[in-house]
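Undergrad: Below is a structure I'd like to ask you about.
No lab work stands behind these numbers, since they all come straight from the coordinates. A quick note: this is a predicted structure, and the numbers were derived from the prediction, not measured. Glycine gets a Cβ as well: all are built from the backbone with ideal geometry, and neighbour counts include every protein chain shown.
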């Protein structure tokens, strides 16, 4: 039984790392992504008509609702949704697996006495 729980914890660790990479590989858990993207020039913009943007690219900030699992949590409180991360998922699975292995070991010792 302890070997099974440790194997499950190892599988959970691998799956959480795969999910972390599949969702973008960010360091911190995010539910909204804020990015700077290149903006198209508006023909009616008087600054563009005067050549103000000729040498530099024009960017705008875009906010998208997109989940990205992070390596580390970014919670504001104890039960915040940003507490979900690779560290919390794998840490919880390893604590449970090692705790179960320890309890099973104590039971075997008591039965041997």
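Undergrad: Compute the length gained on full extension between residue 32 and residue 108: take 0.36 nm times their separation in residues and subtract their Cα-Cα distance, giving the result in nm to one decimal. Intermediate results must be reported in sequence, preceding the final value.
TA: Numbers: separation 76, 0.36 × 76 = 27.36 nm, distance 4.92 nm.
Fully extending the segment from residue 32 to residue 108 adds 22.4 nm.
Undergrad: Between residue 14 and residue 59, what is 0.36 nm times their sequence separation minus the Cα-Cα distance? Round to one decimal in nm. If you can, show how the numbers build up before the last one.
TA: Values: separation 45, 0.36 × 45 = 16.20 nm, distance 3.77 nm.
Residue separation times 0.36 nm, minus the Cα-Cα distance, leaves 12.4 nm.
Undergrad: With P(r) over Cα pairs in 5 Å bins from 0, in percent defined as stated, name the option among [x] 2, 10, 12, 12, 11, 9, 8, 8, 7, 5, 4, 3, 2, 2, 1, 1, 1, 0, 0; [y] 2, 10, 14, 11, 12, 16, 14, 12, 6, 2, 0; [z] 2, 11, 21, 23, 17, 12, 8, 4, 2, 1, 0 computed from the structure displayed.
TA: Given [x] 2, 10, 12, 12, 11, 9, 8, 8, 7, 5, 4, 3, 2, 2, 1, 1, 1, 0, 0; [y] 2, 10, 14, 11, 12, 16, 14, 12, 6, 2, 0; [z] 2, 11, 21, 23, 17, 12, 8, 4, 2, 1, 0, the structure-derived one carries the label [x].
Undergrad: Specify the angular offset, from 0 to 90 degrees and rounded to the nearest 10, of the alpha carbon long axis of helix 86-112 from the longest principal axis of the alpha carbons in the chain.
TA: Compared with the principal axis, the helix lies near 0 degrees.
Undergrad: Here is a follow-up. For the chain, what does the helix formula give at 222 nm: sum of -39500 (n - 2.57) over DSSP H segments with n ≥ 4, over the residue count, nearest 500 deg cm²/dmol? Don't skip to the answer; put the middle values down first.
TA: Details: 3 runs with 52 residues, N = 113.
Theoretical 222 nm ellipticity from helices: -15500 deg cm²/dmol.
Undergrad: What is the helix-to-structure angle for 2-22, meaning the angle in degrees between its Cα long axis and the longest Cα principal axis of the chain, kept from 0 to 90 and rounded to the nearest 10?
TA: 0 degrees
Undergrad: Got a sec? Which residues in the stretch 90-112 would a label at residue 22 touch, if it sits 7 Å along Cα→Cβ and we count backbone N under 18 Å?
TA: Taking a point 7 Å out along Cα→Cβ of residue 22, the residues of the stretch 90-112 whose backbone N falls under 18 Å are 90.
Undergrad: Something else: Which of 104, 1 comes first, and how do the rest follow, when ranked by fewest Cβ neighbours within 10 Å? It would help to have the intermediate numbers written out before the result.
TA: Working: 104 14, 1 10.
Least to most surrounded, the residues fall as 1, 104.
Undergrad: Here's a follow-up. On a full-extension model of 0.36 nm per residue, what is the gain between residue 71 and residue 96, subtracting their alpha-carbon distance, rounded to one decimal in nm?
TA: Details: separation 25, 0.36 × 25 = 9.00 nm, distance 1.97 nm.
Between residue 71 and residue 96, full extension yields 7.0 nm more.
Undergrad: Among 38, 26, what is the fewest-to-most ranking by other Cβ atoms within 10 Å? Working shown, then result.
TA: Working: 38 9, 26 15.
Lowest count first: 38, 26.
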